[in-house]
Amino acid sequence: MRPEILFPLFAPASSLKGVGPKIAPLVEKAAGPRVRDLLFLCPQGLIDRRPTTANMAQDGQVQTFVLRIDAHLAPSRRGGPWRVRTLDETGFLFLTWFKGGGPHLEEQHPVGAARAVSGKVERFGSELQIAHPDFMLDAGRVDDIPRIEAVYGTTAGLPSRTLRRLAGEALNRAPDLPEWQDPAWLAKRKWMGWREALVRLHDPKTPTDLELDAPHRMRLAYDELLAHQMAMAQRKAARRRDPAPAIGAGALSDAMEAALPFVLTHAQRRSLSEIRGDLMGGERMSRLLQGDVGSGKTVVAMLAMADVAAAGRQSALMAPTEILARQHYETLKAPLDAQGLNLMLLTGRDKGPGRAEKLRALIAGEVDIAVGTHALFQDDVHFAHLALAVIDEQHRFGVAERRRLQDKGPATHLLAMSATPIPRTLELTLYGDLDVSRIDEKPPGRTPVATRAVPTPRMGEIVQRLKTAVSAGAQAFWICPLVAESELIDLAAAEARAEDLRKLIGPSVGLVHGQMPAAEKDAVMTAFTEGRVSVLVATTVVEVGVNVPNASIMVIEQAERFGLAQLHQLRGRVGRGARESSCVLLYDPPLSKNGEARLDILRKSDDGFAIAERDLELRGGGDPLGLKQSGFPAYRFADPIAHRELIIAAADDARLILARDPSLTGQRGLAVRILGELFDWQAAMGLTDAG
Ligand code: ADP
Ligand code: MG
């Protein structure tokens, strides 16, 4: 329930003076529907009206001067502008009226009078002028001119000034709220109170006040991060209170593990025991299994699913594409068969009576593990007793899709898997409501992939070497990036590349792309897996999860266009077998400094988590990671890069607050509740919900 003290801030923005039916929709677009949204609207820039001298006048800048009136220049022709020549000890400046000029100006501002003048300076021929000054006051009143004025991102029909005024009114309605931050922390950071920080936000005193590390901005960012982390921690706690079937670790999965042709790595074993701990606990598991490509997530999931099967319940393993689902099916088939477990594959290609029979077997409980694609969560698919949903490449699914699969059982444990190692700060932001297991170790015996950056003009050499390697039995991926606006253009480029390579290397060059019908895609992938295709040209649709151990060469065109994490993932397709592997990053020269640094990291490191961390550091502001699309919360104050240490602090803080005061009834707990309501994350969190 929203506390009464916040009512004024949650009133509609239209309750502010001057927000009529005409501008209300514009305000909503620029800020949001509530008074709070105007209060939380961050300025995009500022106008610096601190007084300066005429010799500092700059074309295009809003500036303030103290000037003496030197002469009034009446129009030389009818309808011409009225001009006033002014000066200070450093130079001249003209003031111009295209409209509303006239002798009255001479009366108001007689020659010799001193005036404080502020407005936008423009070049006019050889002179600098201000047309229609924003302010023109007695010089003694120069301090009445706002020194630094916040500028807001405008929408057509809604000038920055209006937003500034509305933000000011919203501020007037903002109550003093009890402090939710820890007093010792606040003192250490030397941050001001919440309301004071907002005053400073809308009324900046210096140009640095707009920066992300200004104290008031840090304080507000921390508030926001704390609210978000609290919401996630609370949800995690609430989920824990959801009962779910307790599933023990059994002899069956031990037998399966013993039959594997390898031993689990420490990291796999640790992850598995974390998962088992959850499954045994009688509470609903919500766990993310993070691990680099090739770190061996599948086998961990398999053993967990075997435990579930041994407990007489069903699991579902969902993959984003047909190819991946099929590959999982192939991988799991033999080990599960050996234990007498029933595996089923369900994809969009199952139709008619074949599909009907599969659905029947599923609901009859004859199937222990169902592997599939989106086909698994369709409305007419029912399980007898689904207890575990495993989602591979979980970021490829929407929240609703993941939930639809989970909803196929009464209380389904969730194991989400991600092959995109992400920095810890992002992990906390995106998955703070999940428990996370990290497989941060690769299976032994992998040869590191020799990585080189090569300028595109030397592609010919690369192709020659590729030809030699292929004739010696090697297999290669050749990645064409998505660069054009239109997929069709990219497709044409990939087709042309495949054609070129076919001419140079021979007919065993295959092509796979996103627009291909699933059956064709599978046929090409199968041919590649079986070695009939030696070079696979692909747009980036090459599924992250595909496993072709004999492939040892990866060529990536226009590598500079990819994110580091993505390049690392692509590179992870090779180096899985015994053969020496290599990765060639083709780039269009010249490479920027940053681009060079990025490719360099990749050459030097093979640790996905470390690469992700460096990648984040090397990226600038804005949203270059495409975070918004990947479900990253739309923070108002917090910046995932600039404020990353605050993210970690807020996550720790949230955990501590809940541990000390789970019901949030203490003094700080009550204040934190108000903070939570203020940001209203619970309602907005559908966005980031992985569970
Ligand atoms: P990912 O984490 O990318 O999904 P996979 O589960 O596809 O990785 O595993 C990649 C390959 O590594 C598979 O061929 C798998 O059999 C093999 N593998 C998994 N764990 C081990 C291990 N502990 N030792 C050796 N090979 C392993
Ligand atoms: Mg995988």
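FYI, it's all coordinate maths here, none of it is from the lab. This is a predicted model, so every value here is computed, not measured. Virtual Cβ from ideal backbone geometry, glycine too; neighbours counted across all protein chains shown.
Which loop-located GluC sites (Glu not before Pro) does segment 500-605 contain, where loop means any DSSP state but H, G, I, E or B and the Cβ has at most 16 other Cβ atoms within 10 Å? Filter output for segment 500-605: Glu530, Glu580.
Just how far, in whole angstrom, is segment 430-461 from segment 629-682 if you go by their alpha carbon centroids? The two parts, judged by their Cα centres, are 33 Å apart.
Computed from the C-beta positions of Leu87 and Arg269, the FRET efficiency with R₀ = 56 Å rounds to 0.10. Applying the criteria of a DSSP loop state and at most 13 other Cβ atoms within 10 Å to the trypsin sites (Lys or Arg not before Pro) of segment 177-238 yields Lys190, Lys205.
Pairwise alpha-carbon distances in segment 449-605 exceed 18 Å for 55% of all pairs.
In this structure, the amide hydrogen of Gln61, modeled 1.01 Å from its nitrogen in the peptide plane, lies closer than 5 angstrom to those of Val121, counting only residues at least 5 positions away or on a different chain.
Given the C-alpha centroids of segment 256-303 and segment 96-127, what is the distance between them in whole angstrom? A separation of 76 Å, based on Cα centres. When the Cα positions of His413, Ile647, Leu317 are compared along the charge dipole of the chain, Ile647 comes out farthest toward the positive end, with charges on each C-beta of Lys, Arg, Asp and Glu.
Between segment 1-75 and segment 314-342, the C-alpha centres lie 59 angstrom from each other.
Here the residues Thr86, Thr208, ranked from fewest to most Cβ neighbours within 10 Å of their Cβ, fall in the order Thr208, Thr86. Taking the fewest neighbouring Cβ atoms within 10 Å as the starting point, the ordered list for Thr298, Thr331, Thr665 is Thr665, Thr331, Thr298. Panel order for Cys583, Cys42, by other beta carbons found within 10 Å of each beta carbon, from fewest to most: Cys42, Cys583. A Cβ-based charge dipole, computed about the Cα centre of the chain with Lys and Arg at +1 and Asp and Glu at -1, lands at about 420 debye. Normalised by 2.2 N^0.38 Å, with N the number of residues, the alpha-carbon radius of gyration of segment 251-439 equals 0.96.
For the peptides 46-54, 269-277, the ranking by packing is 269-277, 46-54, with the highest mean count of neighbouring Cβ atoms within 10 Å listed first.
Placing unit charges on the Cβ atoms of the charged side chains and taking the dipole of the chain about its Cα centre, the candidate lying farthest along the positive direction among Gly112, Val390, Thr86 is Gly112. Under the convention that each Lys and Arg Cβ holds +1 and each Asp and Glu Cβ holds -1, the size of the dipole of segment 251-439 around its Cα centre is about 200 debye.
Sorting the segments 114-126, 451-463 by their mean number of nearby beta carbons within 10 angstrom, highest to lowest, gives 114-126, 451-463.
Per-residue 3J(HN,Hα) values for segment 326-342, derived from phi via the Karplus relation 6.51 cos²θ - 1.76 cosθ + 1.60 with θ = phi - 60°, read 4, 5, 4, 4, 4, 5, 7, 3, 5, x, 6, 3, 4, 9, x, 9, 9 Hz in sequence order (x marks Gly and Pro). Farthest toward the positive end of the dipole of the chain, out of Gln569, Ala71, Ala638, is the Cα of Ala71, where the dipole comes from beta carbon charges about the Cα centre.
Residue pairs exceeding 23 angstrom between C-alpha atoms, taken from Lys236/Lys408; Lys236/Lys442; Lys99/Lys120; Lys17/Lys205; Lys351/Lys521; Lys297/Lys604: Lys236/Lys442; Lys17/Lys205; Lys297/Lys604.
Assuming a ≥ b ≥ c are the square roots of the Cα gyration tensor eigenvalues, decide whether segment 21-107 counts as rounded (a/c under 1.5), prolate (otherwise, with a/b larger than b/c) or oblate. Cα axes put segment 21-107 in the oblate bin.
The value obtained for the chain, namely the Cα convex hull volume divided by the number of residues, is 219 Å³ per residue. Restriction of the trypsin sites (Lys or Arg not before Pro) in segment 322-382 to DSSP coil positions whose beta-carbon has at most 10 other beta-carbons within 10 angstrom yields Lys351. Under a 5 Å amide H cut-off, with hydrogens placed 1.01 Å from N, Val555 pairs with Phe477, Trp478, Ile479, Val584 among residues at least 5 apart or on other chains. Across q = 0.11, 0.13, 0.14 Å⁻¹, segment 153-241 modelled as identical point scatterers on its alpha-carbon atoms has Debye log10 I(q)/I(0) values of -0.43, -0.58, -0.65, in the order of the q list.
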